[in-house]
């Protein structure tokens with residue numbers, strides 16, 4: 001085995017592209033920032049009140065959450081309206 005071979009983790013799909021100061025929404029006060037998270041052609045725009053550091057951390061957390069959910073078999077978090085549909089969902093989750 002070659003001791004120089006390094007194992008690296010795959011690059012995250014979603015990443016923070018930008019965070020910039022923006023005017024407060026109408027009827028709101030405080031310091032606001034707009035952030036952009038992207039992956040390929042997908043883009044998530046958000047706006048949050050707080051310091052640049054707080055908003056950057058928030059955007060990084062959102063990107064991490066998106067990465068942890070992408071590529072996995074997941075189902076929406078809702079309750080089926082009837083028992084038959086609930087049973088169908090349960091049986092697909094176990095496979």
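The values are calculated or read from the model by the stated rules, or taken from the named source; none is laboratory data. These numbers were taken from a predicted model, which means no experiment stands behind them.
Screening residue 20 on (1) under 14 Å from the mean Cα position of the chain (by Cα); (2) at pLDDT 95 or above shows it passes everything except condition (1).
Can you find even one residue in the range 49-64 that is in a strand (DSSP E or B) and at pLDDT 95 or above? If you could, list the steps in order and put the result at the bottom.
We begin by selecting, within the range 49-64, every residue in a strand (DSSP E or B); these are 49.
Going one step further and asking which of them are at pLDDT 95 or above, we end up with 49.
Yes, the conditions are met somewhere in the range 49-64.
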